[in-house]
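S.K.: Here it is, the structure, as C-alpha cells.
The values are calculated or read from the model by the stated rules, or taken from the named source; none is laboratory data. Everything quoted here is computed from the prediction, not taken from an experiment. When we count neighbours, we look across all protein chains shown, and the Cβ atoms used for this are built from the backbone with ideal geometry, even at glycine. Each accessible area value is taken on the protein alone, full model and side chains, heavy atoms only, with ligands, DNA and RNA left out. Shrake-Rupley method; radii C 1.70, N 1.55, O 1.52, S 1.80 Å.
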Amino acid sequence: MNRRTFGSFDNRKVQTAVIGSGGSDKPALLPQERDSALQFRRRHGHHTFWCGELLGGCGAQLSARIPGDRVAHFMHHPDANGRRRPCSRTHIDEHSADHLYVRHALVRWLSDLGLASDTRYGDPAATGADIFIPVLRVVLAVRLSGHDPAEWELQNARLRQGGWHADWILGPHCGLASAVRGHSETVWRSRCSGTGIDRVTEIGTADSTGTVRWSPFSELSVGSEGICREGTAGPHAGRREVSGAATTVSLRYRDPVLDALEAAYQLDDIAEMRRHYMAAVWRMFRGDLHEAVQLRTKLARYDDRLSRAWRVEIGYIVA
C-alpha cells in the first residue's frame, strides 16, 4: 500500500488501533467478520480506541464501526467541521500491530519468569521494540521489518558497546536474517496468528534454509546469554547471579494469584482484577522484603488499567 493522506472520501478498512490514548502501546484488532466484531465490542465496550503513534498513525481517536452489510473496521472521528482528519498511516491490516502483540507476549513471559523489563520504541516506532532486562544485561530486539544490514550493524554495535547481549527477534518479512546469522548462532523469528478477537504470539529459531522451529514460551528460558530452550543451555542456565547482591534470580517463578490476575486482565474483568490484585497486595505486607519487591514490580503492570476503570467510555457505531 502506498503512503498517502486521505480526506473525507477515505474508505480504507483500518483493522488495528491502540487502547486508551494515541500514545498507548496496548493493541486492539477489530475482526472484519460481524459475529467476531460484535464479540469484540462486548469485550471492549468501555474502551476508547486511537490511531496509535506506535502504529505509525496520527494519534487521533477512532470508533469501531460494525456495519450489517460490509466488513467491520475502525473509523477516524471527524474534526469540529465534520470532516475526516488527515492521516498518513501506511499499515492498517491485521498484522499492523503485531510488534505490539509480540512485545506484550515477551514482557508477560519475562514477568512470569520473575524478571522486570523496560521497553523502548525506535524511530519509526512501528518497526519494532527493544525490551531491556537490566538484571541480565540482555535486550530482546524485536524487528518486524527492515532490510538494511548496515543500519542493523550500527544498532547491534551500540548495544554491544553498552554491555548488552542482544537477541534479535525478526518478523516473517524482515530481511535481516543473514546479517544476524553472521554475528550469532541463533536467528529468532516471531509470528502472530489467531481467529476472532484473540491473537497468539509465537517465537522460534530459523535455520540456514529459513525453516523455523516454533516453541511455546513454556519451553523457553533466558539467561545472561539470551533466550534458550530448556534443556539445551549450559549448567548455569535458569539462574543469574546479581552483582553486589546476596541472592539469585529464579527464571521459572510462577504465582497462582498473579496468573489469575493476568487472566482477568486479558478478559478485562475489572472485578476479578481487583480481587486478585488486593490478594497480592495483602501478601506484600505479610511476606519478606524480597518477595514484596518482586510483587510490586509485577503489580505495576495493572496499576494504570485499574485506576482508569471508572472513567473510561466509548461510543460505537452499529448499523
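S.K.: What accessible area per residue, rounded to a whole number of Å², is obtained for region 1-160 using a probe radius of 1.4 Å?
M.R.: Ligands and nucleic acids excluded, the figure is 44 Å² per residue.
S.K.: Of the heavy-atom accessible surface of region 41-134 (probe 1.4 angstrom), what whole percent is carbon and sulfur?
M.R.: 45 percent
S.K.: Right, another one. Using the crude model of +1 on Lys and Arg Cβ and -1 on Asp and Glu Cβ, and no other charge, please compute the dipole size for region 63-109 relative to its Cα centre, in debye to 20.
M.R.: Magnitude of the dipole: close to 180 debye.
S.K.: If you don't mind, another one. For region 168-212, give the magnitude of the charge dipole about the Cα centre (Cβ charges: +1 Lys/Arg, -1 Asp/Glu; no others), in debye to the nearest 20.
M.R.: 100 debye
S.K.: Over all distinct Cα pairs, what is the inverse of the mean 1/r for region 151-214, reported as the Kirkwood hydrodynamic radius in Å?
M.R.: Hydrodynamic radius (Kirkwood, Cα pairs) of region 151-214 is 13.0 Å.
S.K.: Which ³J(HN,Hα) values, rounded to whole Hz and listed in residue order, are derived for region 50-57 from phi using the Karplus coefficients 6.51, -1.76 and 1.60 in 6.51 cos²θ - 1.76 cosθ + 1.60 with θ = phi - 60°, glycine and proline given as x?
M.R.: 9, 7, x, 4, 6, 9, x, x
S.K.: Here is a follow-up. Take the Cα radius of gyration of region 16-128 and divide it by 2.2 N^0.38 Å, with N its residue count; two decimals is plenty.
M.R.: Cα-based Rg divided by the globular estimate yields 1.13.
S.K.: Rounded to the nearest 0.05, what FRET efficiency do residue 84 and residue 230 have when you use their Cβ-Cβ distance and R0 = 45 Å?
M.R.: The computed FRET efficiency comes out at 0.30.
S.K.: While we're here: Would you kindly derive the ³J(HN,Hα) couplings of region 260-267 from the backbone phi angles with the Karplus curve 6.51 cos²θ - 1.76 cosθ + 1.60 (θ = phi - 60°), listing them in order in whole Hz, with x for Gly and Pro?
M.R.: After applying 6.51 cos²θ - 1.76 cosθ + 1.60, I find 5, 5, 5, 4, 5, 4, 5, 8 Hz.
S.K.: Is region 56-101 rounded, prolate or oblate when judged by the Cα gyration tensor, a ≥ b ≥ c being the square roots of its eigenvalues, rounded requiring a/c under 1.5 and prolate requiring a/b larger than b/c?
M.R.: Oblate, since a/c reaches 1.5 and b/c is not below a/b.
S.K.: What's the ranking of 71-83, 196-208 by average number of surrounding C-beta atoms within 10 Å, highest first?
M.R.: Packing order, densest peptide first, comes out as 196-208, 71-83.
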